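Laboratory data are not the source of any read-out in this text; all were calculated from the coordinates shown. Keep in mind that this is a model prediction, so the values were computed, not measured. Neighbour counts are summed over all protein chains in view; Cβ atoms, including those assigned to glycine, are modelled from backbone coordinates with ideal geometry.
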Amino acid sequence: MFVLILIVVLFGLGFLNPLWWVAAAVLVFGATRHGRDRGGGWIRGDGSDLGEYRDYENRRDRQDRWDRRYSLRHRARWRREDRRDHERRG
């Protein structure tokens, strides 16, 4: 976010001296080039989307495990176990 503000300020100063436009262009080029090397860019929030995707993968994997464990196929087994527990208590 700081880089974006700095670019806007340098662009604005370019109306006073065109050298500031060159500085802003170099900063934009450097920010986009540096972002490509890391797999994300400063526009994407410093590559944080990679962490978000990993969070998504973890949630998806947990949901898949939950679905496999408590699917309809296992529902009869859970009912039998619940019935046995109820018979032992009663």
Arg77 paired with Glu57, simple spin-label distance in nm, labels 7 Å along Cα-to-beta-carbon: 2.9 nm
Fully extended contour minus Cα-Cα distance, from Trp21 to Asp85, at 0.36 nm per residue: 15.4 nm
